[in-house]
1. If I ask for residues that are assigned to a helix (DSSP H, G or I) and in contact (Cβ under 8 Å) with a residue 24 or more places away in the chain, which ones from region 20-59 would you list?
2. Yes or no: region 154-171 includes at least one residue that is under 17 Å from residue 251 (Cα atoms), of a type in the set (Asp, Glu) and assigned to a helix (DSSP H, G or I).
3. With respect to the numbered conditions (1) modelled with pLDDT under 95; (2) in a loop (DSSP other than H, G, I, E, B), which one is the sole condition not fulfilled by residue 149?
4. Would you confirm whether any residue within region 194-202 is free of Cβ contacts under 8 Å to residues at least 24 places away in the same chain and in a helix (DSSP H, G or I)?
5. Name the pairs whose Cβ atoms lie under 8 Å apart, with the first residue in region 112-128 and within 11 Å of residue 164 (Cα to Cα), the second in a helix (DSSP H, G or I), and 6 or more positions between them or separate chains?
6. So, in region 210-219, of the ones that are part of a strand (DSSP E or B), modelled with pLDDT of 90 or more and not charged (D, E, K, R), which residue ends up least open to solvent (accessible area, probe 1.4 Å)?
7. Looking at region 260-276, can you tell me whether even one residue there is touching a Lys or Arg at 6+ places or on another chain (Cβ under 9 Å) and among the polar types (S, T, N, Q)?
8. Just a yes or no: is a residue in region 220-233 open to solvent by 70 Å² or more (accessible area, probe 1.4 Å), without any contact (Cβ under 8 Å) to a residue 12 or more places away in the chain and closer than 23 Å to residue 80 by Cα?
Amino acid sequence: VNAEAIGGTATLVATHAPPERFDEHAELVNAHREVAHNYEREHPHLNMWFVVSVADPTRVDEVLAEIEVETGEETYNLPKEREFRVEAKFLLDGPVPDGDLDLSHLGPDVTPSGRESLTPEERDLVLEIQGGLPITETPYADVADALGAETAWVVETIKRFEREGKVRRVGVVPNHYALGYTENGMTVWDVPADLVDAVGPEIASLDFVTHCYRRPRHEGVWPYNFFAMTHGRSEEESEARIRQVRERMAEFWDVDEAPASEADGDADWDTLFSTRILKKTGIRLDERADANTTK
């Protein structure tokens, strides 16, 4: 489910957690129900990264203000300014050519509704499927039974949601850690402002890049305006993929060879590897869907 299209908003936030009280800091942040994901990442200052998800966009500033008072540390809001790609595909060796099988052309013919809001019935469907379809022989019928609805309506509505962008796709969502994709690298880049829109689609076209966004800088603290998430099954594979991103970047501008973490001084890119998952509840849509429902 595309949470952004359902209603409300979510934003990425970075902060500093002093090492001597890191766990206490994490507990304070995680206690906020609006915090969906939280990771410890390798960075000399901004070592905690979390996602705030709210039904009312004005609530973001309130949550961050509360966290700053509780922790005594400043937060840096990094909302998405442009999305180039969100497609967490993890290709495996197997009989399917190119590791992909797309059946999205199947199913009923549907017409987008033109509405951004949800009906009460659509809201109930979103909440029923937000954790995934049931792993059964008849998932759509089982969802329909849970809702007291017709199976045909469930199939048609999910297909329409996919056409409207409320559902990104219907597919298998594996535990990529269990599949061996343990190296999670968030590469960040200080791309010249006039090149971001050209660079973005090129980096997004790399099949191992799962998330790709433009985000704001924070002067004096955070110089990077472009994020690209990569995953690898080993440190060597991950480093090779990051180098491929740098090489593609270098086709557009003069990119430093080494990341900031390895350079003696400033560099125009870096990689922040996650070292610990501090919270991962997923973005629950109850409040956001309710706020965007009309009769």
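1. So in region 20-59, the residues assigned to a helix (DSSP H, G or I) come out as 20-30, 59.
Of everything in region 20-59, those that are assigned to a helix (DSSP H, G or I) and in contact (Cβ under 8 Å) with a residue 24 or more places away in the chain turn out to be 22, 25, 26, 28, 29, 30, 59.
2. Within region 154-171, the subset under 17 Å from residue 251 (Cα atoms) is none.
No: region 154-171 contains no residue that is under 17 Å from residue 251 (Cα atoms), of a type in the set (Asp, Glu) and assigned to a helix (DSSP H, G or I).
3. (1)
4. Here is the first cut: in region 194-202, the ones free of Cβ contacts under 8 Å to residues at least 24 places away in the same chain are 194.
Applying the additional criterion that residues be in a helix (DSSP H, G or I) yields 194.
Taking every residue of region 194-202 in turn, at least one turns out to be free of Cβ contacts under 8 Å to residues at least 24 places away in the same chain and in a helix (DSSP H, G or I).
5. Final answer for the pair search is 112/160; 112/163; 112/164; 113/160; 113/164; 116/5.
6. Narrowing region 210-219 to residues part of a strand (DSSP E or B): 210-214, 218.
When the remaining residues are screened for being modelled with pLDDT of 90 or more, the result is 212-214, 218.
The next check asks that each one be not charged (D, E, K, R); those that pass are 212-213, 218.
Working: 212: 0, 213: 35, 218: 49 Å².
Per the criteria, the residue is 212.
7. Within region 260-276 (the criterion being touching a Lys or Arg at 6+ places or on another chain (Cβ under 9 Å) and among the polar types (S, T, N, Q)), the answer is yes, since at least one residue qualifies.
8. In the first step, residues of region 220-233 are kept if they are open to solvent by 70 Å² or more (accessible area, probe 1.4 Å); the result is 220, 233.
Cutting the leftovers down to without any contact (Cβ under 8 Å) to a residue 12 or more places away in the chain gives us 220.
Next cut, closer than 23 Å to residue 80 by Cα only: 220.
Yes: one or more hits.
The values are calculated or read from the model by the stated rules, or taken from the named source; none is laboratory data. No experiment lies behind these values; they were computed from the predicted model shown. Here Cβ is always computed from backbone atoms with ideal geometry, including for glycine, and neighbour counts include all displayed protein chains. Heads up: the accessible areas ignore ligands, DNA and RNA and are worked out on the full protein's heavy atoms, side chains in. Shrake-Rupley method; radii C 1.70, N 1.55, O 1.52, S 1.80 Å.
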